[in-house]
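Just below is one structure, and these are the notes that go with it.
The values are calculated or read from the model by the stated rules, or taken from the named source; none is laboratory data. Predicted model, so just to flag it, every value in this text is computed and none were measured. So basically every Cβ, Gly included, is an ideal-geometry build from the backbone, and we count neighbours across all protein chains shown.
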2 protein chains.
Amino acid sequence: MSEHSSQDIDALIEMMAKLPGLGPRSARRAVLHMIRKRALLLTPLADLMQSVAVSARECLNCGNIGTSDICGICASEKRATGMLCVVEDVADLWAMERTGVFKGRYHVLGGTLSALDSVGPEQLRIPKLIDRVDSEGISEVILALNATVDGQTTAHYIADQLEGRVQLSSLAQGVPIGGELDYLDEGTITAALNARKQI
Amino acid sequence: MSEHSSQDIDALIEMMAKLPGLGPRSARRAVLHMIRKRALLLTPLADLMQSVAVSARECLNCGNIGTSDICGICASEKRATGMLCVVEDVADLWAMERTGVFKGRYHVLGGTLSALDSVGPEQLRIPKLIDRVDSEGISEVILALNATVDGQTTAHYIADQLEGRVQLSSLAQGVPIGGELDYLDEGTITAALNARKQI
């Protein structure tokens, strides 16, 4: 792509293509779209990125991403103390938060235990979680980890560490709302059957 | 999304979600990824966008997007004069250019004729195309418009305007390389059959 566009435009396309969910083709489309909507998209995006690059930080307490050292959730007095929801990732925290149902606070692990990638408890803010359980007087820990092998391994490890000190729970497994049995895997159907509820 | 992240981060996610190919979920993923790779992605992207926002412009001659008033292709002395390839969009020009096969120059229409959206020849740089055919001594015009109804309508209109003045051609239609007949529409198969080549 030497003659058809400038170095900066090429470099922008190449960097956009590194974002998750974008490839070379969609990066080209996005860049052309931004150039066409320069005042509405390209300039404001550049400004916002600059400002987020300066201000974004991890909450020192829970690991959420925000613009202060202690995130809005940890700082809010409206959130119930005593309850912690443990999630793998900031994206999972945001997903939980969109439901608006959980009123406690969070703890973001930053991944899952993995022997292959040599990720141990120390890499995962698990020591910090155990600290918080003691120092914040937590009585219930909800393990909202992904229903994957790594997620469940990590949940078991944490449950072992906290056993006897707090009430532990994990998210229910079963048929998703709107889910059709024919399209579900056998594991999910088995879990839903075993956890059947009397009506 | 009030408590879980800052205003700037929310605004960045909302604006990223406006890019073609991205939605709210992929915008969130992209923004989290960028924040994690701040020095490698977020800051350089902000800088590149700022610089492209300032420098990007349409080539006054062909409509390609670059960083000078006359694009690299129009300015290059290596490109054959006398041959013009007419495309709908800058993305199409870049797609042609990636093949490296066409050695002439381009003319970007900026869309297709459309009675519904009241897009006439004046909105499409068609007058400029006719000017160029005369002033640049063009002998062959390749109509590389998309094989859609609008694209073909536009191609017919341009062919009418230029008839008798230049040699006109359009891209061949047929089975794409790697294409399987079973997955092709009847129109494509019909076109490929009618344009069959003796071997």
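Any idea which of A:Leu22, A:Leu113 is within 22 Å of the chain's Cα centre (by Cα), facing chain B (nearest Cβ under 10 Å), surrounded by 15 or more Cβ atoms within 10 Å (Cβ to Cβ) and at pLDDT below 95?
Answer to the selection: A:Leu22.
Quick check: is even one residue across the stretch A:71-78 touching a Leu at 6+ places or on another chain (Cβ under 8 Å), modelled with pLDDT under 95 and either under 22 Å from B:Lys37 (Cα atoms) or of a type in the set (Gly, Ala, Ser) (or both)?
no
Among (1) part of a strand (DSSP E or B); (2) within 17 Å of the chain's Cα centre (by Cα), which single condition is A:Ser169 missing?
Of the numbered conditions (1) part of a strand (DSSP E or B); (2) within 17 Å of the chain's Cα centre (by Cα), the odd one out for A:Ser169 is (2).
Is there a residue being outside any helix (DSSP H, G or I), surrounded by 10 or more Cβ atoms within 10 Å (Cβ to Cβ) and either within 23 Å of the chain's Cα centre (by Cα) or of a type outside the set (Ser, Thr, Tyr) (or both) anywhere in the stretch A:149-164? Before the answer, list the steps.
Filtering the stretch A:149-164 for residues outside any helix (DSSP H, G or I) gives A:163-164.
Subsequent filtering for residues that are surrounded by 10 or more Cβ atoms within 10 Å (Cβ to Cβ) retains none.
No, the stretch A:149-164 contains no residue that is outside any helix (DSSP H, G or I), surrounded by 10 or more Cβ atoms within 10 Å (Cβ to Cβ) and either within 23 Å of the chain's Cα centre (by Cα) or of a type outside the set (Ser, Thr, Tyr) (or both).
Are there any pairs with C-beta distances below 7 angstrom linking a residue in the stretch B:128-149 that is in contact (Cβ under 8 Å) with a residue 60 or more places away in the chain to a residue that is surrounded by 17 or more Cβ atoms within 10 Å (Cβ to Cβ) and not in a loop (DSSP other than H, G, I, E, B), with the two at least 6 apart or on different chains, and if so which?
Note: pairs meeting the criteria are B:Arg132/B:Leu84; B:Arg132/B:His107.
Go through the stretch B:120-168 and report how many residues are of a type outside the set (Val, Ile, Thr), out of contact with any Leu (no Cβ under 6 Å at 6 or more places or on another chain) and within 12 Å of B:Val87 (Cα to Cα).
6
Looking at B:Ala46 and the list (1) in contact with a strand residue (DSSP E or B) (Cβ under 8 Å, 6 or more places away or on another chain); (2) within 9 Å of chain A (Cβ to nearest Cβ); (3) of a type in the set (Gly, Ala, Ser), which single condition is not satisfied?
All conditions are met except number (1).
Name every residue in the stretch A:66-82 that is surrounded by fewer than 20 Cβ atoms within 10 Å (Cβ to Cβ) and not small (Gly, Ala, Ser), in order of residue number.
Start the filter on the stretch A:66-82 by keeping residues that are surrounded by fewer than 20 Cβ atoms within 10 Å (Cβ to Cβ), which leaves A:67-70, A:72, A:75-82.
Of everything in the stretch A:66-82, those that are surrounded by fewer than 20 Cβ atoms within 10 Å (Cβ to Cβ) and not small (Gly, Ala, Ser) turn out to be A:Thr67, A:Asp69, A:Ile70, A:Glu77, A:Lys78, A:Arg79, A:Thr81.
Would the stretch A:28-41 turn up any residue that is β-branched (Val, Ile, Thr), at the interface with chain B (Cβ under 7 Å from one of its Cβ atoms), out of contact with any Phe, Trp or Tyr (no Cβ under 8 Å at 6 or more places or on another chain) and not in a helix (DSSP H, G or I)?
Taking the stretch A:28-41 and keeping what is β-branched (Val, Ile, Thr), we get A:31, A:35.
Checking the rest, the ones that are also at the interface with chain B (Cβ under 7 Å from one of its Cβ atoms) come to A:35.
From what's left, out of contact with any Phe, Trp or Tyr (no Cβ under 8 Å at 6 or more places or on another chain): A:35.
Next, from what is left, pick out any that are not in a helix (DSSP H, G or I): none.
The answer is no; no qualifying residue exists.
With respect to the numbered conditions (1) of a type in the set (D, E, K, R); (2) within 16 Å of the chain's Cα centre (by Cα); (3) more than 12 Å from every other protein chain (Cβ to nearest Cβ), which one is the sole condition not fulfilled by A:Glu58?
Every condition holds for A:Glu58 apart from (3).
Mind telling me which of the residues A:Leu93, A:Leu12 ends up being facing another protein chain (nearest Cβ under 7 Å), touching a His at 6+ places or on another chain (Cβ under 7 Å), surrounded by 22 or more Cβ atoms within 10 Å (Cβ to Cβ) and not polar (S, T, N, Q)?
On the way: A:Leu12 fails: touching a His at 6+ places or on another chain (Cβ under 7 Å).
Going through A:Leu93, A:Leu12 in turn, the sole match is A:Leu93.
Can you pull out every residue in the stretch A:177-199 that is surrounded by fewer than 10 Cβ atoms within 10 Å (Cβ to Cβ) and of a type outside the set (Val, Ile, Thr)?
Matches in the stretch A:177-199: A:Gly178, A:Glu180, A:Leu181, A:Asp182, A:Tyr183, A:Asp185, A:Glu186, A:Asn194, A:Arg196, A:Lys197, A:Gln198.
A:Arg79 versus (1) over 30 Å from A:Ala30 (Cβ atoms); (2) in a helix (DSSP H, G or I): which is the lone unmet condition?
So the condition that A:Arg79 fails would be (2).
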